[in-house]
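Student: I'd like to ask some things about the structure below.
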Amino acid sequence: MRLDVFTLVPHAFAWLTEQRPLAGVLGDELELRLLNYRDYTPLRAGQIDDEPYGGGAGMLLRVDVVAAALDAVYGGAAPGHPVIALTPQGRPLTQELVEELATEPALTLLSSRFEGFDERILEHLCTDAVSIGPYILSGGELPAMVVVDAVVRRLPGALAEGSGERESFSPALGGRLEHPHYTRPPEFRGWTVPDVLLSGDHARIEAWRQEHTR
């Protein structure tokens, strides 16, 4: 998969590229490109945003800036794969949507800062819009990281074999949450691990896990 992320702060993604699961597939199953709008803006002094028509607080990412960036990267043609804006106006990010996006050979994610996008970006330059929740952030970089991490962990080799098959929201659990998990020590401050998990009886353990899947 190739993932292109358009952003004003590409360096903010540095830590993500150094951590698994992304680091484990980078350069093999994944090509990640972090693209700065300022490198492509047709405006002077690196300008990329402007005040909203009609007044109001905040600055909007300009449609001509985003169009110039997309044209430069994709040779003036439509990318031919999903171009997704990260915005509260988008459809909610769910595991079902993550699984859908993970099947794509390429994705483009558009992030903005402060007040958001000129509406024409969403109407004419994007094929989709995604929201990570009903709250406001200072920019789209964190939502982009959430989408990148969620999608990348579904790529071959990102996780240990089988570890992603029975987890929260997976089809194997009917979209439900996983059962509670425990590890050593078996007792701490009087807080104990359920006896069944210490029994070594795999049939009983599996029945307990099924019963406590939420």
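Student: If I stretch the segment between Ile205 and Ser168 completely, what's the gain in nm (0.36 nm per residue apart, minus their alpha carbon distance), one decimal?
Tutor: Once the chain is fully extended between Ile205 and Ser168, it gains 11.5 nm.
Student: With a sphere of radius 10 Å drawn around the Cβ of Met59, what net charge do the other residues whose Cβ falls strictly inside it have (Lys, Arg +1; Asp, Glu -1)?
Tutor: On the way: positive: Arg62, Arg113; negative: Asp49, Asp50, Glu51, Glu115.
After counting each charged neighbour, the total is -2.
Student: Follow-up. Just the projected area, averaged over all directions, of the convex hull on the alpha carbon atoms of region 153-214: how many nm²? Don't jump to the answer; show the numbers that get you there.
Tutor: Working: hull surface 21.4 nm².
Over every viewing direction, the Cα hull of region 153-214 projects on average to 5.3 nm².
Student: Using r as the Cβ-Cβ distance of Met59 and Thr17, and R0 as 30 Å, what FRET efficiency do you calculate, to the nearest 0.05? Could you put the intermediate results ahead of the total?
Tutor: Working: r = 28 Å, r/R0 = 0.94.
About 0.60, to the nearest 0.05.
Student: Would you tell me the accessible area of Ser112, worked out with a 1.4 angstrom probe on the heavy atoms of the protein chains, in Å² to the nearest 10?
Tutor: Around 10 Å² of this residue is reachable by solvent.
Student: Report the net charge of residues surrounding Leu43, where surrounding means a beta-carbon distance below 12 angstrom and charges are Lys +1, Arg +1, Asp -1, Glu -1. Spell out each step's value before the answer.
Tutor: On the way: positive: Arg38, Arg44, Arg62; negative: Asp49, Asp50, Asp64.
Residues near Leu43 contribute 0 overall.
Student: How far is helix 63-74 tilted, in degrees, relative to the longest principal axis of the Cα atoms in the chain, given as a value from 0 to 90 rounded to the nearest 10?
Tutor: That works out to roughly 70 degrees.
Student: Please determine, in degrees from 0 to 90 and to the nearest 10, the orientation of helix 141-152 with respect to the longest principal axis defined by the Cα atoms of the chain, where the helix direction is its Cα long axis.
Tutor: 50
Student: Then there's this: If I ignore ligands, DNA and RNA and count only protein heavy atoms, how much of Thr192 is accessible to a 1.4 Å probe, in Å² to the nearest 10?
Tutor: Per-residue accessible area (Thr192): approximately 90 Å².
Student: Still on this structure: First select every other residue whose beta carbon is under 13 angstrom from the beta carbon of Thr127; then total the charges, Lys and Arg +1, Asp and Glu -1.
Tutor: -3
Student: Let me ask you something else. Based on DSSP, what percent of beta bridges with both residues in the chain are antiparallel, to the nearest 5?
Tutor: If I count the DSSP bridges inside the chain, around 20 percent turn out antiparallel.
Student: May I pose another question? For the chain, what is the largest minus smallest coordinate of the Cα atoms on each principal axis, given in angstrom and ordered from greatest to least?
Tutor: Sorted from largest, the Cα extents of the chain read 69, 39, 28 Å.
Student: Also: Over region 111-200, what is the relative contact order in whole percent, taking alpha-carbon pairs under 8 Å and six or more residues apart?
Tutor: Over region 111-200, the number comes to 16 percent.
Student: Going by accessible area, probe 1.4 Å, with all protein chains left in place, what is the ranking of Tyr74, Tyr53, largest first?
Tutor: Values: Tyr74 35, Tyr53 220 Å².
Result of the area sort, largest leading: Tyr53, Tyr74.
Student: Along each of the three principal axes of the Cα atoms of region 1-97, give the extent in whole Å, ordering the values from largest to smallest.
Tutor: 46, 30, 28
Student: Taking a 1.4 Å probe, which of Leu107, Leu60 shows the most accessible area, and what order do the others take after it?
Tutor: Working: Leu107 0, Leu60 40 Å².
So the residues, ranked largest to smallest area, are Leu60, Leu107.
Student: Helix-only estimate, please: 222 nm mean residue ellipticity of the chain, summing -39500 (n - 2.57) across DSSP H runs of length 4 or more and dividing by its residues, to the nearest 500.
Tutor: Working: 6 runs with 50 residues, N = 214.
After summing the helix terms and dividing by the residues of the chain, the value is -6500 deg cm²/dmol.
Student: Just the accessible area for Asp195, please: 1.4 Å probe, Å², rounded to the nearest 10?
Tutor: 120
Student: Now a separate question. State the percent of C-alpha pairs, over all pairs in region 19-63, separated by a distance greater than 16 angstrom.
Tutor: Details: 586 of 990 pairs.
Counting pairs separated by more than 16 Å, the tail of P(r) holds 59 percent.
The values are calculated or read from the model by the stated rules, or taken from the named source; none is laboratory data. Source: prediction; values computed, not measured. For neighbour counting, all protein chains shown are included, and Cβ atoms are generated from backbone atoms with ideal geometry for every residue, glycine included. The area values use the complete protein model at the heavy-atom level, side chains included, leaving out ligands, DNA and RNA. Shrake-Rupley method; radii C 1.70, N 1.55, O 1.52, S 1.80 Å.
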